[in-house]
Amino acid sequence: MIEISHLDLSFGEGRSAQQVLSDVTFRVEEREVFGLVGESGSGKSTVLRCIAGLYDHWTGSIAVDGQPINNMLSKDHYRKIQMVFQDPYGSLHPKHTINSTLTTPLRIHKIDDQDRRINEILDQVGLPRSCRFRYPHQLSGGQRQRVAIARALILEPQLLLLDEPTSALDVSVQAEILNLLVQIRKERQLSYVMVSHDLAVITHLCDRLAVMREGRIEEILGCETLLNGAMRQDYTRTLYEASRSYDRAMARKLETA
Ligand code: ADP
Ligand code: MG
């Protein structure tokens, strides 16, 4: 589905240049859920932004469906790959109704049958159709994140890039959104690349994960390996140990939701 090799990226130039990604290499299979974890500032969001085409000054290669994206993005690329951001309030235009947020991508891609598509997608993400003509501030945080997910899905992508999709939400709605993501992936046979600092979330959703540190991948491992404590890198173990107590509460919620 997606293959990334030797991805490097810096911000700034000359002596003030800061290398943010170094030799990032991984692949995500079709229908796989792949996690990216690591401390804040390790480059997780930057990797997603490169894949999504939000940056174009990287070197290395990124191929989607066997096609290199070569820093040049087609309209097609945007249909295949969509991103959901951490903060649903910041990512939705405050003066646009939900209807207009969902109509815009359809209009850009000249897709008809807009009414039916919008109602269907609202049903699928668990929003009442009556939300359609509301503004973001008239919705709860969880509902806003459902709108962001609906917007990502409306073009029927194959890959969703999820950047801490629940970390700005109340704990009580986090599990709801995660379960929605699990259900949608099953129904639509999508691939996900998901960033989270919460290892309980990652192990609940993902097949494999990459551990990032200072712009590099430390280790790629299956979730089973993580849960069995069979990681190879001490850094992975430290992250895992650090997150365990907090994670147990979340894990219980996910199981019972
Ligand atoms: P993470 O998502 O893992 O917390 P990011 O990918 O957001 O980390 O950031 C990685 C590093 O890149 C950080 O040091 C951050 O300060 C830097 N960085 C991210 N975006 C920019 C930018 N647009 N300009 C300059 N530096 C940036
Ligand atoms: Mg980030």
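Structure above, values below:
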| item | result |
| --- | --- |
| Any hit, segment 70-87, residues being open to solvent by 60 Å² or more (accessible area, probe 1.4 Å), farther than 26 Å from GLN189 by Cβ and at pLDDT 90 or above | no |
| Count of segment 195-237 residues which are more than 20 Å from the chain's Cα centre (by Cα), assigned to a helix (DSSP H, G or I) and away from ligand 1 (no atom under 16 Å from the Cβ) | 6 |
| Subset of segment 208-232 (residues that are farther than 23 Å from TRP58 by Cβ and in contact with a Lys or Arg (Cβ under 9 Å, 6 or more places away or on another chain)) | LEU221, GLY222, CYS223, THR225, GLY229, MET231 |
| Among residues of segment 92-135, those that are open to solvent by 60 Å² or more (accessible area, probe 1.4 Å), charged (D, E, K, R) and part of a helix (DSSP H, G or I), counted | 6 |
| Scan of segment 143-156 for residues that are open to solvent by less than 10 Å² (accessible area, probe 1.4 Å) and out of contact with any Pro (no Cβ under 6 Å at 6 or more places or on another chain), ordered by number | VAL147, ILE149, ALA150, ALA152, LEU153 |
| Residue within segment 133-153 that is among the β-branched types (Val, Ile, Thr), closer than 23 Å to ARG185 by Cα and modelled with pLDDT under 95 present | no |
| Test: residue in segment 28-35 that is buried (at least 20 other Cβ atoms within 10 Å of the Cβ), of a type in the set (Val, Ile, Thr) and free of Cβ contacts under 8 Å to residues at least 60 places away in the same chain | no |
| Residue in segment 2-11 that is open to solvent by less than 50 Å² (accessible area, probe 1.4 Å), in contact (Cβ under 8 Å) with a residue 24 or more places away in the chain and under 15 Å from the mean Cα position of the chain (by Cα) present | yes |
| Any chance LEU102 is within 16 Å of ligand 2 (Cβ to nearest atom) and among the hydrophobic types (A, V, I, L, M, F, W, C) | no |
| Some residue of segment 43-60 being in contact (Cβ under 8 Å) with a residue 60 or more places away in the chain, at negative phi and either more than 16 Å from ligand 1 (Cβ to nearest atom) or surrounded by fewer than 18 Cβ atoms within 10 Å (Cβ to Cβ) (or both) | no |
| Residue list for segment 149-161, filter: in contact with a Phe, Trp or Tyr (Cβ under 7 Å, 6 or more places away or on another chain) and assigned to a helix (DSSP H, G or I) | none |
| Among (1) crowded, with 20+ Cβ neighbours inside 10 Å; (2) more than 16 Å from ligand 2 (Cβ to nearest atom); (3) under 19 Å from GLU156 (Cα atoms); (4) not charged (D, E, K, R) - the single one GLN67 does not satisfy | (1) |
| Total residues in segment 10-56, condition out of contact with any helix residue (DSSP H, G or I) (no Cβ under 9 Å at 6 or more places or on another chain), in a loop (DSSP other than H, G, I, E, B) and not hydrophobic (A, V, I, L, M, F, W, C) | 9 |
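Conditions (1) open to solvent by 10 Å² or more (accessible area, probe 1.4 Å); (2) touching a helix residue (DSSP H, G or I) at 6+ places or on another chain (Cβ under 6 Å), marked per residue:
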site	(1), (2)
SER172	yes, no
VAL193	no, no
GLY215	no, no
GLU218	yes, yes
GLN233	yes, no
GLU241	yes, no
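The values are calculated or read from the model by the stated rules, or taken from the named source; none is laboratory data. Bear in mind the structure is a predicted one, so any value in this text is a computation, not a measurement. Here the Cβ is made from the backbone with ideal geometry for all residues, glycine too, and neighbour counts use every protein chain on show. For the accessible areas, the whole protein counts, side chains as well, though only heavy atoms, and no ligand, DNA or RNA atoms are used. Shrake-Rupley method; radii C 1.70, N 1.55, O 1.52, S 1.80 Å.
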